[in-house]
Amino acid sequence: MSLLEVKNVNQYYGGSHILRDVSLSAELGKITVILGRNGVGKTTLLKSMMGLVPIKNGSIELEGKPIQNHTPYERARAGIGFVPQGREIFSKLTVLENLHMGLAYKTAGTPVPEELYDLFPVLKQMLGRRGGDLSGGQQQQLAIARALAAKPKVLILDEPTEGIQPSIIKDIGRVIRMLADRGDMAIVLVEQYYDFAQDLADEYVVMERGAVLAHGKGHNMEVDGVRALVAI
Ligand SMILES: Nc1ncnc2c1ncn2[C@@H]1O[C@H](COP(=O)(O)OP(=O)(O)OP(=O)(O)O)[C@@H](O)[C@H]1O
Ligand SMILES: [Mg+2]
């Protein structure tokens, strides 16, 4: 059974039909990568999964239970962690306070897991620094750590490499692979950087104009011609 299952989801912004019968699944220990050009609906799909935008119909199931009518708060509590496009770090709050935001719906006093500092050692040295003073790459690591603080079962990431320098992209890729390989989490990754996507994908999904154009195993991306499908 899939940990997260999206079935035939349709979504509209006003009169614009954005998501068209989108289905995909995410498995424990696996990375599902969603690719597609600008504006095809990738972020809208992730926001629909998180409950940040309402869907018209279709279903979203977590461990076999429908969650499409749940609030974002309830979905976070149920085990979905979200790393938004553009990171959305609280720039006036410190690194430590940002990490605590990831624990907002846990019992007061729940500590930040120490392992986050093993995953992202740079954060440990910067706990007192304001989020807004971090580099783009450090902010991205903080956004991922914030989402991991509550130990989610599903980690959803929206273009974590956008605007980030290559050395940190490598670090982030290693962390994402390691998290999947632990086997206790399903990962859904939206990514336009093809090589990064191909390196990480266990499963791939290509979107075009709000619909799923192609999907398959990550190791078949090259032979399936995915690079051409997403070339700009
Ligand atoms: N809040 C909104 N209100 C109305 N239309 C929106 C809204 N957000 C996005 N759209 C439209 O929905 C479509 C899908 O946008 P979305 O942000 O999901 O695409 P995307 O694939 O994530 O793009 P990108 O690669 O640039 O991040 C676009 O046509 C966009 O203009
Ligand atoms: Mg987007």
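The values are calculated or read from the model by the stated rules, or taken from the named source; none is laboratory data. No experiment lies behind these values; they were computed from the predicted model shown. Don't worry about glycine lacking a Cβ; one is built from the backbone with ideal geometry, like all the others, and counts go over all protein chains shown.
Run down A214, A197, A228 and say which single residue is small (G, A, S), within 16 Å of ligand 1 (Cβ to nearest atom) and in a helix (DSSP H, G or I).
After applying the criteria, what remains is A197.
Which one is farthest from ligand 2 (Cβ to nearest atom), of the residues in the range 28-80 that are basic (K, R) and surrounded by fewer than 19 Cβ atoms within 10 Å (Cβ to Cβ)?
The extreme case among them is K65.
Answer yes or no: is there a residue in the range 4-20 that is within 28 Å of Q141 (Cβ to Cβ) and either surrounded by 15 or more Cβ atoms within 10 Å (Cβ to Cβ) or at pLDDT 95 or above (or both).
yes
Just checking, which of K153, K124 is under 18 Å from I31 (Cα atoms) and surrounded by fewer than 23 Cβ atoms within 10 Å (Cβ to Cβ)?
Answer to the selection: K153.
Farther than 18 Å from D202 by Cα and within 16 Å of ligand 1 (Cβ to nearest atom): is that true of T44 in this structure?
Answer is yes for this residue.
Would you confirm whether or not the range 163-181 contains a residue that is surrounded by 22 or more Cβ atoms within 10 Å (Cβ to Cβ), of a type in the set (K, R), closer than 28 Å to P111 by Cα and away from ligand 1 (no atom under 16 Å from the Cβ)?
No, there is no match, as no residue in the range 163-181 is surrounded by 22 or more Cβ atoms within 10 Å (Cβ to Cβ), of a type in the set (K, R), closer than 28 Å to P111 by Cα and away from ligand 1 (no atom under 16 Å from the Cβ).
Quick one: count up the residues across the range 174-232 that are over 18 Å from the mean Cα position of the chain (by Cα), farther than 25 Å from V9 by Cβ and charged (D, E, K, R).
2
Regarding T71, is this residue within 15 Å of ligand 1 (Cβ to nearest atom) and either closer than 25 Å to L142 by Cβ or over 12 Å from the mean Cα position of the chain (by Cα) (or both)?
Here the answer is no, as T71 does not meet what is asked.
Mind telling me which of the residues I164, I172 ends up being among the hydrophobic types (A, V, I, L, M, F, W, C) and either more than 24 Å from L52 (Cβ to Cβ) or outside any helix (DSSP H, G or I) (or both)?
It is I164.
What about G51, is it out of contact with any helix residue (DSSP H, G or I) (no Cβ under 7 Å at 6 or more places or on another chain), within 16 Å of ligand 1 (Cβ to nearest atom) and free of Cβ contacts under 8 Å to residues at least 40 places away in the same chain?
no
Take the residues in the range 8-28 that are more than 10 Å from ligand 1 (Cβ to nearest atom) and touching a Leu at 6+ places or on another chain (Cβ under 9 Å), then tell me which one is farthest from R182 (Cα to Cα).
N10
Cβ-Cβ below 6 Å, separation at least six or inter-chain, first residue in the range 164-176 and more than 22 Å from D202 (Cβ to Cβ), second part of a helix (DSSP H, G or I): which pairs?
Once the first residue is more than 22 Å from D202 (Cβ to Cβ) and sits in the range 164-176, its partners that are part of a helix (DSSP H, G or I) give I164/G136; I164/G137; I164/Q140; Q165/G137; I168/G137.
Among the numbered criteria (1) free of Cβ contacts under 8 Å to residues at least 60 places away in the same chain; (2) part of a helix (DSSP H, G or I); (3) more than 16 Å from ligand 1 (Cβ to nearest atom); (4) crowded, with 16+ Cβ neighbours inside 10 Å, which one does Q140 miss?
(3)
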